[in-house]
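Computed from the coordinates by the stated procedures, all read-outs in this text should not be read as laboratory data. Computed from a predicted structure; not experimentally measured. As a convention, Cβ positions derive from the backbone with ideal geometry for all residues, glycine included, and neighbour counts pool all protein chains shown.
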Amino acid sequence: MSTDQNKFQAIISHCKEYGFVFPSSEIYDGLSAVYDYGQYGSELKKNIKDYWWKSMTQLHENIVGIDAAIFMHPTTWKASGHVDNFSDPMIDNKDSKKRYRVDHLIEAYVETLPEAEGNAVLAQMDELLKENDFAGLKTLIEEKKITCSVSGTSNWTDVRQFNLMFSTQLGSVTDEANEIYLRPETAQGIFVNFLNVQKTGRMKVPFGIAQIGKAFRNEIVARQFIFRMREFEQMEMQFFVRPGTQKEWYEKWKEERMQWHLSLGTDPSKYRFKDHVKLAHYADAAVDIEFDFPIGFKEVEGIHSRGDFDLKQHQEYSKKKLQYFDTEINQNYVPYVIETSIGLDRMFLLTVCNAYEEQDLSTPEKADSRVVMKFPAKLAPIKLAVFPLTKKDGLPETAQLLVNECKQHFHCYYEEKDSIGKRYRRQDAIGTPFCVTVDHQTKEDGTVTIRYRDSMEQERVPLTEVKNIVLNKIM
Ligand code: GAP
């Protein structure tokens, strides 16, 4: 299996060193699979969110956004099937007491095998998962002599289901009636608001509701940095369609979502579709968009054809009709749903992995290198850095005026410390696409040097043009 663990480790270190991602509550040694976004990480994440939100809502007249609460009535999760079905097969090692998700344990073992052999094991695992054959999964683990990374033994319990939802108490009285869940997906907030939005927005099927928000899952094996977290964000869109048209819409959204990813300029060979072998309890067709991370091809986004499962379930449990009257065909029906669901943190990780480049810039005279984050300009945390060449002769004042003009429109950074070369390197490391230097010539002819991050080329442009040059690239 081709993975590049060294590159992945370098990216994790870079994210920490340059203020993108920190382990949560690090001064207390962190909290497993929970992370905080730093000063540049939170900007990058916000830009990804905005790019998705705009593409879904502003650019689609028939999609609107909502922002539902994280806490929902507990019956929501009974109706959605999460109380009974949102679980993963787990196995415990009797010696270390460590618990593993069965598919992750087998996948980690497969990483150590030659590709063809590994694929055969994965195919066997997929088949057993599809059949919910827990005894067969245990036999596979034992036959392959898969061991626990802590105890080194293969002394395993039986495979059991383990629910992934976090629960807590509402109010001050601790009893079962007050138990509520932290939502494991944002989608249910959309389903329960289906009629509110349809009626108040006078929406006509087909239409969509989009949402960005936190979700929580008690992932048992949470590893690989922000790839699998216990608290994460999803960007989901439920598209309500007339029954019978779901296949067509499923194909359309599959294509549209792939185009969204490619619109950020990523090499198409780094993406692929992967059909689900084992469908989630709500889906009648599902596909993942996978990206070639340094740890291998992994899921970033899912497109699911959910039928009328969710609305019908909520109808049954709430005893409220969740139907739509289609004036074109004079019929009442429960719409079918195509869902697009992308993890914001995964998209962040994708963006960081895709942008990270270590470059050797050595010449015969001098050893040199740089780490550059080649973010699409739209997503870069800082768009423009402005440097006065020296701290005197009025250069800082001119540079500051430029920052003041531009900061109304996009994020700028002003710096006057260290050599220009060092200042460029720091901006490369956080992915700033444009750096401008104000020097003595600026006072004479009103031009500045603009330096482009990826090519490192520099040219002189009128100071008054800088704002528009940057705006043109980030719109
Ligand atoms: N509403 C459908 C749904 O939640 P999912 O495939 O379970 O489907 C959708 O999740 C997306 O959410 C995934 O493709 C992934 O990007 C993200 N995601 C899921 N679990 C995650 C976790 N533990 N950490 C980070 N992202 C996660």
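Observations
- Computed from Cα positions, the angle between helix 115-130 and the longest principal axis of the chain comes to roughly 50 degrees.
- Using the alpha carbons alone, the radius of gyration of the stretch 382-474 stands to its Kirkwood radius in an Rg to Rh ratio of 0.91.
- Per-residue HN-Hα couplings for the stretch 246-262 [Karplus 6.51, -1.76, 1.60; θ = phi - 60°; Hz; x = Gly/Pro]: 5, 5, 4, 5, 4, 5, 5, 6, 4, 5, 5, 5, 5, 5, 4, 4, 5
- Gyration tensor verdict on the stretch 334-400 (Cα atoms; rounded if a/c is under 1.5, prolate if a/b is larger than b/c, oblate otherwise): oblate
- Dimensions of the stretch 304-428 along the principal axes, based on C-alpha atoms and rounded to the nearest Å, stand at 75, 38, 28, largest first.
- Sorted by Cβ density within 10 Å, fewest first, the residues 122, 389, 350: 122, 389, 350
- Per-residue Cβ neighbour counts within 10 Å put 112, 351, 390 in the sequence 112, 390, 351, beginning with the fewest.
- Look at the alpha carbon pairs under 8 Å that are at least 6 residues apart: their mean separation over the length of the chain gives a relative contact order of 14 percent.
- When Rg and Dmax are taken over the Cα atoms of the chain, they come to 25.8, 81 Å.
- Cross-link partners for residue 392 among the aspartates and glutamates, with Cα-Cα distance under 20 Å and sequence neighbours closer than 8 places in the same chain left out: 415, 416, 418, 439, 444, 445.
- Distance from the Cα centroid of the stretch 223-254 to that of the stretch 79-124 is 23 Å (rounded to whole angstrom).
- Each peptide in 360-372, 322-334 receives the mean, over its residues, of other Cβ atoms within 10 Å, and ordering these scores from highest gives 322-334, 360-372.
- Order of 306, 99 - criterion: other Cβ atoms within 10 Å of each residue's Cβ, fewest first: 99, 306
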